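Quick notes on the structure that follows.
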Amino acid sequence: MPNAMSSIQSPLQMSISESTNLRCRISLEGRGNVIKFNNGVKRATTVSCLGVHVADSCESVGVGKSSKEVMEAEKKVLVGTYARMPAVLVSGKGCKLYDVEGREYLDMTSGIAVNALGHGDDDWVKAVVDQANLLTHVSNVYYSIPQIELAKRLVASSFADRVFFTNSGTEANEAAIKFARKFQRHSNPDAKEPATEFIAFSNCFHGRTMGALALTSKEHYRSPFEPVMPGVTFVEYGNIEATKKLIRRGKTAAVFVEPIQGEGGIYSATKEFLQFLRSTCDDAGALLVFDEVQCGLGRTGYLWAHKFYGVFPDIMTLAKPLAGGLPIGAVLVTERVASAINYGDHGTTFAGSPLVCNAAIAVLDKISKPGFLASVSMKGQYLKETLKQKLGGNPHVKEIRGLGLIIGIELDVPASPLLDACQESGLLVLTAGKGNVVRLVPPLIITEQELDHAVEILHKSFPVLDSNSN
Ligand SMILES: Cc1ncc(COP(=O)(O)O)c(C=O)c1O
């Protein structure tokens with residue numbers, strides 16, 4: 001592919017990401033037929049696509065500006081909720097991301113466990129473009145086919161009988177909270193006070209909206225916004241004896257648990273713990289909710305993380321990877337739970353749109369193939385073993401843990417200097433826990449060579465922790 005100039009010959013969906021200088025990947029309906037990029041400057045000129053002038057749209061995302069300028073502009077116009085890493089990313093392909101200066105990064109973050117198929121997967125792009133051309137949004141006032149097709153697939157591939165779509169993980173958990181309360185009211189019509197309380201666990205993360213926030217253990221997230229939803233009790237993750245005392249008939253509406261905790265530090269439940277939760281919830285008439293927003297949909301090498309344990313919930317919440325980068329959430333429920341929900345009990349304007357659901361069908365169809373899941377398991381094992389070999393002996397490494405391609409490296413010091421050093425060397429990784437866990441959640445399509453490269457950069461970057469801990 002030529003460096004500085006590429007041509008669009010077809011009217012539909014031309015990917016020009018191969019160009020070494022061109023870091024702006026464009027899949028579009030070409031009308032102007034020629035895109036020119038000034039070598040070195042990486043500025044798009046002269047093409048109109050889907051009614052947008054490419055030069056304008058690239059300019060608006062910072063192409064042609066320096067990272068520094070973009071970061072300074074961000075400080076002036078955005079509410080300061082994010083302490084961002086200093087990278088202005090403008091394009092991606094597979095497991096590679098490119099910044100505004102054209103630097104290449106290996107992505108071990110997947111947009112926080114979202115881009116399971118990597119960036120710009122061809123089938124995903126086709127699903128989005130085809131559907132955008134056909135119908136994007138109609139609201140839930142009407143029926144739409146991709147929504148029903150996606151729900152059919154989710155039901156066919158899980159414990160669930162029915163699905164409710166949302167736009168994010170936190171909204172999926174909000175819906176699960178409402179469904180659990182409504183279920184208790186519906187199944188105990190004569191109770192003076194139906195069960196309304198919830199149990200959640202240390203290090204858990206369920207979201208940032210008021211109900212999901214109330215279920216999130218980190219006090220620092222909750223306290224500035226109190227009062228949050230009352231009636232939540234936190235107990236140590238995995239502690240059967242302590243939990244047993246808290247799950248009570250007529251009081252506990254539901255128990256929320258991540259089979260593998262992501263944000264909290266990559267901690268896996270034991271089979272015994274999840275089995276105990278299942279039977280105790282059943283005895284107490286409480287619902288068991290698995291939050292698989294981060295660990296679900298193939299990340300563990302199992303389609304659902306709970307399949308690894310052979311324990312099944314009443315409700316499962318999903319989000320991050322489901323639509324391959326478009327906003328989505330889903331609440332999967334049994335018929336027993338669904339029968340408590342009536343018209344008007346819950347709803348949303350955007351969720352379940354044809355566009356997002358068609359994208360999600362492309363993702364789910366790929367990930368749910370047994371060969372795909374087996375490859376995630378193999379790569380996960382390979383990554384963990386390689387990390388243990390290369391980093392296991394480092395005095396800063398306390399533990400390397402996780403399942404499939406959700407891996408945590410717990411350190412005895414804050415991980416942020418390591419993140420900075422990795423980024424300098426072209427590797428993007430995340431933290432988790434109290435900032436002392438390096439979280440690796442790469443696209444599930446990553447290759448062994450890319451995993452080797454990631455481990456190599458991590459290994460080379462580790463000495464930065466010595467200089468910082470002195
Ligand atoms: C387990 C879990 N639940 C819920 C959420 C909230 O999802 P969202 O950020 O899409 O609202 C997250 C986000 O990190 C998560 O990891």
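What pairs come out if I take residues in the range 92-105 that are closer than 23 Å to ASP452 by Cβ and at pLDDT 95 or above and pair them with residues that are among the basic types (Lys, Arg) and buried (at least 20 other Cβ atoms within 10 Å of the Cβ) whose C-beta lies under 7 Å away, six or more apart or interchain? Close Cβ pairs (under 7 Å, with a partner that is among the basic types (Lys, Arg) and buried (at least 20 other Cβ atoms within 10 Å of the Cβ)) amount to TYR98/ARG23.
Here LEU117 clears all of (1) under 13 Å from VAL356 (Cβ atoms); (2) part of a loop (DSSP other than H, G, I, E, B); (3) in contact with a strand residue (DSSP E or B) (Cβ under 6 Å, 6 or more places away or on another chain) except the condition numbered (1). Return a yes/no flag: does the range 278-292 have any residue that is at positive phi and within 15 Å of the ligand (Cβ to nearest atom). Scanning the range 278-292 turns up no residue that is at positive phi and within 15 Å of the ligand (Cβ to nearest atom). The strands (runs of 3 or more DSSP E) found wholly in the range 284-395 and carrying at least 1 residues that are touching a Leu at 6+ places or on another chain (Cβ under 8 Å) and closer than 30 Å to VAL141 by Cβ occupy 315-318, 329-333.
I'm trying to understand the selection: among the residues of the range 241-282, which are farther than 22 Å from THR334 by Cα and either part of a strand (DSSP E or B) or among the polar types (S, T, N, Q) (or both)? Within the range 241-282, THR243, GLN261, TYR267, SER268, THR270 qualify.
Specify which of the listed residues (PHE198, PHE179) is farther than 22 Å from ILE266 by Cα, in the same structural domain as VAL257 (by TED's automatic domain parsing) and within 15 Å of the ligand (Cβ to nearest atom).
After ruling out the rest, the residue left standing is PHE198.
Here VAL129 fits the description: in a helix (DSSP H, G or I), β-branched (Val, Ile, Thr) and modelled with pLDDT of 95 or more. Just the residues that are under 16 Å from LEU215 (Cα atoms) and either of a type in the set (Phe, Trp, Tyr) or exposed (fewer than 15 other Cβ atoms within 10 Å of the Cβ) (or both), please, taken from the range 234-246. Within the range 234-246, PHE234, GLU236, TYR237 meet the criteria.
No other residue among ALA362, ALA340, ALA305 is in contact (Cβ under 8 Å) with a residue 40 or more places away in the chain, out of contact with any strand residue (DSSP E or B) (no Cβ under 6 Å at 6 or more places or on another chain), buried (at least 22 other Cβ atoms within 10 Å of the Cβ) and on the phi < 0 side of the Ramachandran plot apart from ALA362. Only one of the listed residues (GLY207, GLY238) is in contact (Cβ under 8 Å) with a residue 24 or more places away in the chain, away from the ligand (no atom under 14 Å from the Cβ), assigned to a loop (DSSP other than H, G, I, E, B) and within 24 Å of the chain's Cα centre (by Cα). That residue is GLY238.
The values are calculated or read from the model by the stated rules, or taken from the named source; none is laboratory data. From a predicted model like this one, the values you see are computed outputs, not experimental measurements. Positions of Cβ are backbone-derived with ideal geometry, glycine not excepted, and every protein chain shown enters the neighbour counts.
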